[in-house]
Structure formats: C-alpha cells, structure tokens
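Worksheet: the structure to be examined is printed underneath.
The values are calculated or read from the model by the stated rules, or taken from the named source; none is laboratory data. The structure displayed is predicted, hence computed values, not measured ones. Every residue, glycine as well, gets a Cβ built from its backbone with ideal geometry; the counts of neighbours run over all protein chains shown.
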Amino acid sequence: MNGTLRYSSGNDIVDQISKINITGNVTPIIWYQTVCNSNGKPNWVAVNVLSDIVYWYRPAEVRDEVTGQLIGFRKKFKAEYLQRSYRQLGKNINISKRQAMAAVECLVELGVVRKHIRNEMTQSGQQLYNVMYLELVADKLNELTYPELNQNGVVQKNVVPYDEKCTTLVQEKEQGRAKKSTTNTKNTTEITTVDYINPILSDIDGVEIEEISLDKIKEQLDYKALCNDYPYDIDKIDGIVDLIEDILFFDNAEMITVNKQKIPAYKVKRKYRELNMYDVQYVIDGISQSGKKVINMRAFLLTSLYNAPTTKGLYMANWVSSDRARLAELQTGTVAYNGISIDDLENEILANNS
C-alpha cells in the first residue's frame, strides 16, 4: 500500500461516493406522507420548500478555534425570522414564482410555517414594502416528521391536507382588499400591509389564466432589446419586470392602489398584459427626465406603467408636433445655433474650409 492506509467498503461505487462531500437540505421520507394535497398525494414542491426553510433554521455549530470543542450554536440568518421572497425560494430549488407561492400557502395551511409581512426602511433610507418573513413552527414540524402511525404503519391523517383549489376570501376592510383566510399569517404593529397572494389565478369569468412566467413577460417587453438600448438602466428594467409579474399574480377579486385610487385588479392586469417595449422606454425616459428623487419607486412605477399606453401616445403626438415645427425652422433657416442663424453658420463653415 506504499505506507498509506486505505479504507474500503468492498464496493467501488460506494468508495467513489465516499469521496464526494454532499451537503445541503435534508428531506425526511415521511414528509411525502404528511405534506400532502387534498387528494392525499404528496406536494413535492412544498416538501422541497420546507426542506430549504428547515435548512436555514438548523443551527450552525460554533467551535473553539484552539481546541475544536463545541461551545455553542448560532443561527444562519440575521433577523428574528428567515427573510425570503417567492423569487428567492423559486431560484433555490429551480421552480417558478407561482409554484413557490402555492408551496408556501400549503405550508401555512398545514401550520408548519407562519408568514409575517412587513414594511421596512433600509439603512440607506429606502422604503421596502411587503417584505416576507417565514417563521418555522417547531412543534408542527415535529408532528409532521414523527406522526402517529396506525397498526399497519400508515400515517394517521390527523391534519387537514392542503386544498390547492381553496379560494375562500375574507374582506380586510381597513386595507380595502381581500385577504386569504388563514390563521397563520401574523398581523402585528410592524405589519402595515397584508399579503395579497392567492395561488389560484382566474380571469374575470372564473377561467384559470395561463401560466405566468418571467420568460413570457420578458418576451412581451422585448427584454434583450431594452437592455441593449438602456445598458445603464438594467436595474430599472428588472424592477419593472418584477413589478409586472407581481401584479399579474393578484387575484381578480382584490383591489390595487394606482395613483391613490383603488382599481379592480382585473383592470390593472388587463393593461399590464398589453404593455410593450415602447411603454417601458417611455417610463424609463420619464424617470431620467424628471430630475426628482422618487421616494416610493414601486408606487411610481405601478402608476406610470398603468398610464403608459395612454400618456405615451399623448407624449409622442406632442413630440412629433414639436419636431415638425423644429424641422420647419431648420428648413427656413430661422432657427439659431449659439446665436448664429443656420444660413450664417453654413457660410462660416464654407469659408473656413476654403
């Protein structure tokens, strides 16, 4: 062995796998029996999202630098609860935002997760709205991981499975919009807005609309062309794409505040589905030309995009009208450049070149 000690399991494949350091989420197989939809089938996406949330709530060991002895534990996140957006959850396990939303609603209905929705101010003074925190309920997690089994070793169904078709809504009068009925979305003095997410999307007549995806939105806006035309405003373009996606996920029964007015969600969504590259260009140009600091960028963009198809037409008509007047002045030579008429400027250029 050339002086080296070699350990072997007696199986080449097992030995090869032993050299791969596999880390990450842990998924107890029993979750596929306890995290289920109303038809009794496992909610695979919810299981994976729960596994990801549990990973962040599992403590990290703290060891002494000299002795290596375990001296304690620490949490992996900064705040009281784990802060996550639906987009982050989706990106982590390669699912769509809509799937992440439905998975979280499933976990909330099962009682293993509580949502906290807050408005916060960053250190730089930027206002953030509808920031979602996920609280893991340890007792319920223990119940799902170590459930009661019957004589045949089958899980006792002592919890109501998540009904993915449940669309029951209760009115939240002070907010002027509908809130999904659940006892696990906590409202405190820190929470000034409610979560408007409903996993079932339906059109005005109740027919489920097509799957919403970032790719379709980017195709609708000609995203690549926008990024080429506005290389220094890609962050604004991405913000607009995110906002459009959020609006399209509103339930039609809800109300959306546009320019301080409550408008039915289906009307706002209808306009947002018609937005194109030129509407986004108009909004970006408007931000650049305003010269004023926008305090609430989300509200500004929401209103600007809603009005863009109308105001853009008026803007372009005015621009074409002024451009024609400018062209007429140039053709007649009456317009001046730095105090010199076009005719005099042309004669001066010819004289300098002669």
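A few notes on this one:
- Candidate set: segment 267-290, residues that are among the charged types (D, E, K, R) and closer than 24 Å to residue 230 by Cβ; chosen: the one surrounded by the most Cβ atoms within 10 Å (Cβ to Cβ): 279
- Verdict on residue 66 being surrounded by fewer than 17 Cβ atoms within 10 Å (Cβ to Cβ), over 19 Å from residue 141 (Cα atoms) and in contact with a strand residue (DSSP E or B) (Cβ under 8 Å, 6 or more places away or on another chain): no
- Just one of the listed residues (43, 39, 48, 25) is in the same structural domain as residue 138 (by TED's automatic domain parsing), more than 20 Å from residue 138 (Cβ to Cβ) and either surrounded by 15 or more Cβ atoms within 10 Å (Cβ to Cβ) or touching a Pro at 6+ places or on another chain (Cβ under 7 Å) (or both), and it is 43.
- From the options 100, 79, residue that is in contact with a Lys or Arg (Cβ under 8 Å, 6 or more places away or on another chain), within 29 Å of residue 250 (Cα to Cα) and not aromatic (Phe, Trp, Tyr): 100
- Residue selected from segment 74-88 under the condition of a type outside the set (Lys, Arg) and touching a strand residue (DSSP E or B) at 6+ places or on another chain (Cβ under 9 Å), by the criterion surrounded by the most Cβ atoms within 10 Å (Cβ to Cβ): 86
- Qualifying residues in segment 115-150 (those that are hydrophobic (A, V, I, L, M, F, W, C) and closer than 14 Å to residue 30 by Cβ) - the one surrounded by the fewest Cβ atoms within 10 Å (Cβ to Cβ): 149
- Close Cβ contacts (under 7 Å, 6 or more residues apart or on different chains) running from residues in segment 250-267 that are within 26 Å of residue 102 (Cβ to Cβ) to residues that are basic (Lys, Arg) and surrounded by 14 or more Cβ atoms within 10 Å (Cβ to Cβ) comprise 250/269; 254/177; 255/177.
- Of the strands (runs of 3 or more DSSP E) that lie entirely inside segment 27-123, those containing 2 or more residues that are in contact with a Ser or Thr (Cβ under 7 Å, 6 or more places away or on another chain) and touching a residue at least 40 places away in the same chain (Cβ under 8 Å) span 113-121.
- Test: residue 53 is of a type in the set (Val, Ile, Thr), surrounded by 20 or more Cβ atoms within 10 Å (Cβ to Cβ) and under 30 Å from residue 217 (Cβ atoms): yes
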